[in-house]
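The values are calculated or read from the model by the stated rules, or taken from the named source; none is laboratory data. The structure presented is a predicted model; accordingly, all values stated were derived computationally and were not measured. When we count neighbours, we look across all protein chains shown, and the Cβ atoms used for this are built from the backbone with ideal geometry, even at glycine. For accessibility, only protein heavy atoms count, side chains too; no ligands or nucleic acids. Shrake-Rupley method; radii C 1.70, N 1.55, O 1.52, S 1.80 Å.
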Amino acid sequence: MPGILTRIGFALGLLKHPASVLVIGLDNSGKTTLIQHLKASSASSASQEVTPTVGFQVEEFSKGKINFTVYDMSGQGRYRSLWEAYYADVQAIIFVLDSTDKVRMCVAKDELATLLEHKDIHASLCPMLFFANKSYVPGALTNEECMQEMNLFNIRD
């Protein structure tokens, strides 16, 4: 009987669907800022000062009928190995790119290749969003240029 009660709870809005999201990218790409904007209930609360993430942070918030658990992973080189510990347990991955950081785009591309080769990513149907951040800054790469630099056109499956 719990199955029918659970479905009724979701239908009536008494229960919310859980969703775990992993947010990754190089340091200073804007991961924490993106999460704060997603989490914000108003525009004024999204303008808080953001400090760099060391290790990782977990943010929990609700939007509509979904309870989000968002893992904000540090993008510093020494912490990137932590990312893979979460691949098997998340329902989505957001890969944040700093579209103004042309020099390190090749580093981001290498990290993406490592992610795509991981056994837990191969075993899942986890959707990925590539978010080209800071595109409003003069001189930033366009979305298409980011896709080309990251070789996203050639990713299959």
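Tabulated data
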| read-out | value |
| --- | --- |
| Residue-normalised accessible area of the chain, given per residue in Å² at a 1.4 Å probe | 61 Å² |
| Under the Karplus curve 6.51 cos²θ - 1.76 cosθ + 1.60, θ = phi - 60°, whole-Hz ³J(HN,Hα) for the range 57-66, x wherever Gly or Pro sits | 10, 10, 10, 10, 7, 10, 9, x, 9, 10 |
| Rel. contact order, % - alpha carbon contacts under 8 angstrom, at least six apart, the chain | 25 percent |
| Unit charges on C-beta of K, R, D, E only; dipole of the chain, Debye | 460 debye |
| For the chain: rounded, prolate or oblate by the Cα gyration tensor [a/c cutoff 1.5] | prolate |
| Heavy-atom accessible surface of the chain: percent carbon and sulfur, 1.4 Å | 56 percent |
| Antiparallel DSSP beta bridges within the range 16-157, as percent of all bridges there, nearest 5 | 30 percent |
